[in-house]
Amino acid sequence: MKLFDVYPIFDVEPVSGEGCYIKDHKGTTYLDFYGGHAVISIGHSHPHYINRIAEQLNQLGFYSNSISIPIQKQLAEKLGELSCYETWNLFLCNSGAEANENALKVASAFNKRKKIVVFDKAFHGRTSLAVAATDNPNILFPVNEGAEIIRLALEDFEGVKKELEKEDICAVLIEGVQGLGGIQTPSRKFMAHLRALCEKTETVLILDEVQSGYGRTGMFFAHQHTEIIPDIITIAKGMGNGFPVAGVMIHHRFKAAYGMLGTTFGGNHLACAAALAVLEVMEKEQLIQNAKKMGAYLVDQLVGLPGIKEIRGFGLMIGLEFDFPIADMRKKLLYEEHVFTGSSSNKQTLRLLPPLTVGTEEIDVFVTALKKVIS
Ligand SMILES: Cc1ncc(COP(=O)(O)O)c(C=O)c1O
């Protein structure tokens with residue numbers, strides 16, 4: 001059997017990783033400023049991460065959600081503590097799309113409505129409802145159609161007001177910082193506007209922090225740069241540092257019922273061990289503070305480089321908009337300078353998502369490489 005050929009791939013075959021670096025099968029070392037698509041939070045092959053997963057595997061790798069799994073409770077407690085959402089509840093699942101899908105179910109179970117307000121350039125995943133909410137008709141097929149989606153521009157204050165005041169919108173789904181959309185951040189004022197309108201109209205405010213969460217922006221969640229508190233938060237990517245694990249964080253006023261949500265693999269012992277290891281390392285090594293500090297250092301080094309039109313984002317979630325398409329430059333960074341970076345739906349925007357452990361030394365290596373390819 002061959003693989004179903006859906007990924008256009010780069011000609012690199014990484015076989016090992018350590019910290020911010022990965023090594024390919026020929027022995028070439030690459031600097032990882034992409035984090036495997038914002039997934040690598042605590043760095044590749046962190047010893048605590050390896051040990052915690054290995055210890056769990058030696059005890060029990062998996063059993064279903066029909067039995068007591070104390071490590072799920074430990075994870076919920078630690079996550080509540082570090083994110084400052086101690087009184088909320090956690091539903092564990094396997095991917096960002098699944099988290100969004102479940103968040104929308106919780107919202108709909110609560111207010112019995114079905115319309116969803118989403119924003120231009122948003123990416124929320126590829127399962128049916130999540131892909132309908134995503135702004136990309138190329139990945140939407142007839143079986144995914146049928147959801148009642150209202151798409152508005154980010155910062156469309158009037159449009160949001162007009163829709164929500166009809167009092168038939170189930171949820172507003174918004175990314176803390178748009179990732180694939182090219183690192184676009186909703187303003188504090190817009191978030192406050194959404195919060196107030198949702199409150200007034202009993203609409204559920206869902207923050208998709210799948211990419212912008214887990215310390216990446218220099219706060220635990222990107223929305224914590226604003227004053228608002230959402231109703232539901234979805235998490236994935238950096239949560240497991242590569243181990244597939246995701247979650248829906250749910251305000252305590254939403255009531256759970258047996259059978260309302262469910263999954264075979266979600267919250268399994270290994271996934272919880274991986275997610276706990278991530279939080280423990282983030283806390284011990286103060287990675288959120290590091291993301292903030294290193295993000296500022298990185299931006300300082302980038303300001304004024306030729307061709308850069310705009311630098312967007314916070315912490316270690318940075319978008320560099322150039323005055324030319326970046327595809328060739330990204331290839332040069334990879335094949336000539338051995339640096340991984342990310343693209344976005346904006347063809348001129350390079351996305352930087354290094355591990356949160358990155359230091360000035362690695363940033364200097366990146367900036368030197370970037371200068372070479374833009375000179
Ligand atoms: C903001 C956001 N939401 C949801 C998803 C979907 O996550 P997954 O690919 O784990 O389903 C992604 C993935 O890139 C994302 O960036």
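Scan the range 264-318 residue by residue and report those that are of a type in the set (Asp, Glu) and assigned to a strand (DSSP E or B).
Within the range 264-318, Glu310 is the sole residue that qualifies.
If Thr263 passes every condition in (1) within 16 Å of the ligand (Cβ to nearest atom); (2) more than 25 Å from Ile42 (Cα to Cα); (3) buried (at least 23 other Cβ atoms within 10 Å of the Cβ) but one, which one does it miss?
If we test Thr263 against (1) within 16 Å of the ligand (Cβ to nearest atom); (2) more than 25 Å from Ile42 (Cα to Cα); (3) buried (at least 23 other Cβ atoms within 10 Å of the Cβ), just (3) comes out false.
Residues that are free of Cβ contacts under 8 Å to residues at least 60 places away in the same chain and exposed (fewer than 15 other Cβ atoms within 10 Å of the Cβ): which strands (runs of 3 or more DSSP E) entirely in the range 12-115 hold 2 or more of them?
Per the criteria, 14-18.
Say whether the condition of being touching a residue at least 24 places away in the same chain (Cβ under 8 Å) and either of a type in the set (Asp, Glu) or touching a strand residue (DSSP E or B) at 6+ places or on another chain (Cβ under 7 Å) (or both) is met by at least one residue in the range 137-145.
Within the range 137-145 (the criterion being touching a residue at least 24 places away in the same chain (Cβ under 8 Å) and either of a type in the set (Asp, Glu) or touching a strand residue (DSSP E or B) at 6+ places or on another chain (Cβ under 7 Å) (or both)), the answer is no, since none of the residues qualifies.
Among the candidates Glu155, Glu199, Glu163, Glu148, single out the residue that is free of Cβ contacts under 8 Å to residues at least 12 places away in the same chain, over 14 Å from the mean Cα position of the chain (by Cα) and in the same structural domain as Leu276 (by TED's automatic domain parsing).
Of Glu155, Glu199, Glu163, Glu148, the one residue that is free of Cβ contacts under 8 Å to residues at least 12 places away in the same chain, over 14 Å from the mean Cα position of the chain (by Cα) and in the same structural domain as Leu276 (by TED's automatic domain parsing) is Glu199.
If I ask for residues that are assigned to a loop (DSSP other than H, G, I, E, B) and surrounded by fewer than 22 Cβ atoms within 10 Å (Cβ to Cβ), which ones from the range 345-368 would you list?
Ser345, Asn346, Lys347, Gln348, Gly359, listed by residue number.
Go over the candidates Glu81, Glu101, Glu155 one by one and state the one that is of a type outside the set (A, V, I, L, M, F, W, C) and over 16 Å from Leu205 (Cα atoms).
Selected residue: Glu81, the only one of Glu81, Glu101, Glu155 that is of a type outside the set (A, V, I, L, M, F, W, C) and over 16 Å from Leu205 (Cα atoms).
To keep it simple, each residue is scored yes or no on (1) of a type in the set (Gly, Ala, Ser); (2) within 14 Å of Leu31 (Cβ to Cβ); (3) not assigned by TED's automatic domain parsing to the domain that holds Asn58.
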residue: Ala275; (1), (2), (3): yes, no, no
residue: Leu279; (1), (2), (3): no, no, no
residue: Leu316; (1), (2), (3): no, yes, yes
residue: Gly319; (1), (2), (3): yes, no, yes
residue: Pro325; (1), (2), (3): no, no, yes
residue: Arg330; (1), (2), (3): no, yes, yes
residue: Phe340; (1), (2), (3): no, yes, yes
residue: Phe366; (1), (2), (3): no, yes, yes
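Determine whether the range 210-227 contains at least one residue that is farther than 28 Å from Ala296 by Cα, within 15 Å of the ligand (Cβ to nearest atom), surrounded by 15 or more Cβ atoms within 10 Å (Cβ to Cβ) and touching a residue at least 40 places away in the same chain (Cβ under 8 Å).
Within the range 210-227 (the criterion being farther than 28 Å from Ala296 by Cα, within 15 Å of the ligand (Cβ to nearest atom), surrounded by 15 or more Cβ atoms within 10 Å (Cβ to Cβ) and touching a residue at least 40 places away in the same chain (Cβ under 8 Å)), the answer is no, since none of the residues qualifies.
The values are calculated or read from the model by the stated rules, or taken from the named source; none is laboratory data. Everything numeric here is computed off the predicted structure, so don't read it as measured data. Every residue, glycine as well, gets a Cβ built from its backbone with ideal geometry; the counts of neighbours run over all protein chains shown.
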